[in-house]
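We did not get these values from a lab; they are worked out from the coordinates using the rules stated. This one's a predicted model, so the numbers in the text were calculated from it and none came from an experiment. Here Cβ is always computed from backbone atoms with ideal geometry, including for glycine, and neighbour counts include all displayed protein chains.
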């Protein structure tokens with residue numbers, strides 16, 4: 001089964017992925033306290049590029065440029081954008097596949113003519 005994910009379908013998943021990453025970061029911050037590195041790759045990508053919570057469209061566009069090998073961003077930012085984009089596209093593809101499987105499992109009801 002071939003499932004394709006478009007840019008517009010991926011945008012809400014970018015927000016979800018970023019929220020999950022932020023939850024992981026806050027848990028690490030609580031665990032490590034003073035030893036936590038505030039200048040981690042995710043924080044730098046958010047500062048230097050933009051915050052995907054507010055501009056997921058820009059992240060989706062840049063992800064497509066990275067895939068096409070036309071991105072002008074530094075490698076440290078491309079790494080994070082690729083990670084977020086890969087997770088978002090996989091989540092979207094899995095949700096689309098689950099919807100298709102549910103539709104295929106529904107029993108077909110024949111209409112009875114009177």
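Here is how the numbers come out for the structure above:
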{"item": "Alpha-carbon centroid distance for the pair the range 70-87 / the range 1-25, whole angstrom", "result": "14"}
{"item": "Estimated FRET transfer efficiency when R0 is 30 angstrom, pair residue 65-residue 16 (beta carbons, to 0.05)", "result": "0.90"}
{"item": "Sequence-separation-based contact order of the range 1-88, relative, with Cα cut under 8 Å and 6+ spacing, percent", "result": "43"}
{"item": "80, 3 arranged by Cβ crowding within 10 Å, fewest neighbours leading", "result": "3, 80"}
{"item": "Whether the chain is rounded, prolate or oblate, judged on the alpha carbon gyration tensor where a/c under 1.5 counts as rounded", "result": "prolate"}
{"item": "Residue-span extension gain [residue 98 to residue 58] - 0.36 nm each, minus C-alpha spacing", "result": "11.7 nm"}
{"item": "Label-point separation, residue 44 to residue 79 (7 Å along Cα→Cβ), nm", "result": "0.7"}
{"item": "Contour excess over end-to-end distance, with Cα ends at residue 36 and residue 105 and 0.36 nm allotted per residue", "result": "20.0 nm"}
{"item": "Calculated [θ] (222 nm, deg cm²/dmol) that DSSP helices of n ≥ 4 give over the chain, each run adding -39,500 (n - 2.57)", "result": "-23000 deg cm²/dmol"}
